[in-house]
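Report on one structure; see the data block that follows.
The values are calculated or read from the model by the stated rules, or taken from the named source; none is laboratory data. No experiment lies behind these values; they were computed from the predicted model shown. Every residue, glycine as well, gets a Cβ built from its backbone with ideal geometry; the counts of neighbours run over all protein chains shown. Heads up: the accessible areas ignore ligands, DNA and RNA and are worked out on the full protein's heavy atoms, side chains in. Shrake-Rupley method; radii C 1.70, N 1.55, O 1.52, S 1.80 Å.
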Amino acid sequence: MRLGVAGPVGTGKSSLIATLCQALSGELRLGVITNDIYTDEDARFLKSAGVLDPERIRPVETGACPHTAIRDDVTANLLAAEDLEADFGSLDLVIIESGGDNLTATFSPALVDAQLFVLDVAGGGDVVRKGGPGIARADLLVINKTDLGEHVGVDVERMAREGRAARAGGPVVALSRHDTASIRMLTGWVRETLAHYRTGHHTPVDPGPMAPHIHAGRTGQPHPHADGTTHAHDHAPAEAGQGT
């Protein structure tokens, strides 16, 4: 199974992957692919952390906006995954880390079978309410670095609750690498998803380029976009003589 890990810069994607490798490498055959624009910084971090055989960690330098290599043209990442399997045989799980991107970044289902989206409390408690396809429709939302909440004035429980609301009840894990209970929740989700994948009944879901959203202070009906998505502008009619 290929698992995508996306999210903005600095939310802790690499440290989350290191945590997964530490917890699962004793039971699963793992490989990791990292994406950076011009460097192999994330791959070097993971190799230096000693969480996995360094040869099982492969960097991809995208040379452009990170989403291009995980959504628009996934060839480089597919080749890296195939090289891992050619070198190490059949793997249980290949984790593919996106370069740091914005709230619209999602993986193509042609590249990954499941994907999680990472936010962190240091980015602000309101970011989860901003929505976007990763927050709303990734298979799992991770709210990372919860141990920092008290230092940055963020109510972690509220942020997690609002995350579930933004996802219509979809799964959310509030994570700290210093909290073993939250790590068990994350690894439990990975094991459960992998078990479902192995049954042959798991279908990759495309989060799509546009998530449902409402513009505050306005009233109106949901309306379609050219790409087939629909959302509501909640707005009052423009005053006479004003532009729209």
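General observations
- Filter result for residue 19 (in a loop (DSSP other than H, G, I, E, B) and either out of contact with any helix residue (DSSP H, G or I) (no Cβ under 9 Å at 6 or more places or on another chain) or buried (at least 16 other Cβ atoms within 10 Å of the Cβ) (or both)): no
- Residue pairs meeting the criteria (Cβ under 6 Å; at least 6 apart or on separate chains; first part of a strand (DSSP E or B), in segment 80-95; second of a type in the set (Lys, Arg)): 94/2
- Against the numbered list (1) at pLDDT 95 or above; (2) loosely packed, with under 14 Cβ neighbours inside 10 Å; (3) assigned to a loop (DSSP other than H, G, I, E, B); (4) not hydroxyl-bearing (Ser, Thr, Tyr), residue 55 comes up short only at (3).
- The number of residues in segment 1-14 that are closer than 14 Å to residue 121 by Cβ and open to solvent by 10 Å² or more (accessible area, probe 1.4 Å) comes to 3.
- Pairing each residue of segment 100-114 that is closer than 16 Å to residue 140 by Cβ with any residue that is surrounded by fewer than 21 Cβ atoms within 10 Å (Cβ to Cβ) and of a type in the set (Val, Ile, Thr), provided the two are 6+ apart or on different chains, yields C-beta distances under 6 Å for 114/193.
- The single residue among 6, 69 that is modelled with pLDDT under 95 and on the phi < 0 side of the Ramachandran plot turns out to be 69.
- Scanning segment 17-47 for residues being of a type in the set (Gly, Ala, Ser) and within 24 Å of residue 71 (Cα to Cα) gives a total of 3.
- Residues of segment 116-137 satisfying the condition of being within 15 Å of residue 174 (Cα to Cα) and within 10 Å of the chain's Cα centre (by Cα): 116, 117, 118, 119, 135
- Those residues of segment 1-16 which are outside any helix (DSSP H, G or I) and under 19 Å from residue 193 (Cα atoms), in sequence order: 1, 2, 3, 4, 5, 6
- Test: residue 43 is of a type outside the set (D, E, K, R), open to solvent by less than 10 Å² (accessible area, probe 1.4 Å), assigned to a helix (DSSP H, G or I) and over 30 Å from residue 167 (Cα atoms): yes
- Being surrounded by fewer than 21 Cβ atoms within 10 Å (Cβ to Cβ), of a type outside the set (Lys, Arg), out of contact with any Pro (no Cβ under 9 Å at 6 or more places or on another chain) and on the phi > 0 side of the Ramachandran plot is true of residue 63.
- Qualifying residue in segment 58-79 (condition: of a type outside the set (Ser, Thr, Tyr), under 23 Å from residue 191 (Cβ atoms) and in contact (Cβ under 8 Å) with a residue 60 or more places away in the chain): no
- Search result, residues across segment 22-35 that are in contact with a helix residue (DSSP H, G or I) (Cβ under 8 Å, 6 or more places away or on another chain) and either β-branched (Val, Ile, Thr) or open to solvent by 30 Å² or more (accessible area, probe 1.4 Å) (or both): 23, 29, 32, 33, 34
- Residues (farther than 22 Å from residue 189 by Cβ and surrounded by 20 or more Cβ atoms within 10 Å (Cβ to Cβ)) located in segment 85-100: 99, 100
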